[in-house]
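What follows is a set of notes on a single structure, which appears directly below.
The values are calculated or read from the model by the stated rules, or taken from the named source; none is laboratory data. The structure presented is a predicted model; accordingly, all values stated were derived computationally and were not measured. So basically every Cβ, Gly included, is an ideal-geometry build from the backbone, and we count neighbours across all protein chains shown. Side chains included, ligands, DNA and RNA excluded: accessible areas come from the protein's heavy atoms. Shrake-Rupley method; radii C 1.70, N 1.55, O 1.52, S 1.80 Å.
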Amino acid sequence: MAFNITTINVRSIKTEIRAQSVLSFLERFNSDVFLLQECGLPFLSSYRKWEDKWQHGPSIWSGSNFNKNDGVAILIKTPHVVVRGSTVVDREPVCPVRGLAIGEPTTVWRNVAHPALLNQHRDLSWMVAHEILPVRVVMHSRGMARTSACPRPGCGQEESVRHLLWECRAARDLWKEVGPLISPCLPAGEDLTPQLVLYGVGRRPIPPKAFTKLWPTLTCLKAALWSSRNLLVAKQVNTTPQAVAMVATEALGWYRRKGASTPGEGVPTTPKVPAATA
Ligand SMILES: [Zn+2]
């Protein structure tokens, strides 16, 4: 099912007058979903005041106390999208994910927003599932990178999301290195496959308790791998698989100390990837 989506920078919708005028302006557009940037709202536990103003369907609001320009909102103007909590759920079958069987995308989209993940890791999972993590293939296709080739020395293959996280030598070395870290969380009969690593889809359904341990572990490793790749691109610093594993383990420690994250809760500072000595 196709939706018309309109995105607009509203440059603050904080005051009553501003909110009224922006929302009545939007009402005139023939759009199903509106994405509002720079709402200029503070962080609030409830955005009821703004939700009530949008009477064409559900709306999701956000704000920040750190930057007065922050705050994005999603306004729905179609009965085909229902909102449960702060998660937008399409009533139609979820969009397909490459390389997965029918039915599995549901699992993928659920995993992307898994409650055990930190917000920053949900973002990463979301970009991985949509194949929009800004790797070279993605950036090149948008005219924002000179080449689509993987930046790892001696690789030269196209840097897709799957290449970065699974096929590249650096990725394969990492998954080999961290085998002992992952094995205790792998249910019997499961092993590391690209579907499991990228999307959290196992050969058979993984019991929720095991998955709550496995998924953050895989996600921390993917995040560390992505950081090491960015460090290479930005600073020409090479990292060993051991160093990447260490960064992931450090991030995992935060999960262990805090337990499952709750939306809006603070996130740990991103640990620095130690430079390789080799
Ligand atoms: Zn590569």
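Just the Kirkwood number for region 5-90, please: inverse of mean 1/r across all distinct Cα pairs, in Å, one decimal.
12.9 Å
Quick one: Cα centre-to-centre distance for region 137-165 and region 179-218, in angstrom?
27 Å
I need to check one value: relative contact order of region 5-90, counting alpha carbon pairs closer than 8 Å and at least 6 residues apart, in percent.
Computed over region 5-90, the figure is 29 percent.
I need the peptides 18-24, 160-166, 187-193 ranked by packing, meaning the mean over residues of other C-beta atoms within 10 angstrom, with the highest value on top.
Top to bottom by mean Cβ count within 10 Å: 160-166, 18-24, 187-193.
Given a 1.4 Å probe and the protein chains all in place, what does the accessible area of Phe43 round to, in Å² to the nearest 10?
110 Å²
With a 1.4 Å probe and all protein chains left in place, how much accessible area per residue does region 104-258 have, in Å²?
Here the residues of region 104-258 average 48 Å² of exposed surface.
In a solvent-free Debye calculation with one equal scatterer on each Cα, what is log10 I(q)/I(0) for region 104-258 at q = 0.15, 0.17 Å⁻¹, listed in the order of the q values?
-0.77, -0.99
Which links in Lys209/Lys258; Lys176/Lys209; Lys14/Lys258; Lys53/Lys258 stretch past 27 Å when you go from one Cα to the other?
Exceeds cut-off: Lys14/Lys258; Lys53/Lys258.
In terms of solvent-accessible area of protein heavy atoms at a 1.4 angstrom probe, what is the ranking of Met139, Met144, highest value first?
The ordering from most to least exposed comes out as Met144, Met139.
Just reorder Glu177, Glu159 by solvent-accessible area, largest first, 1.4 Å probe, all chains present.
Glu177, Glu159
Rounded to the nearest percent, how much of the accessible area of region 104-258 (1.4 Å probe, protein heavy atoms only) is carbon and sulfur?
Of the solvent-accessible surface of region 104-258, carbon and sulfur hold 55 percent.
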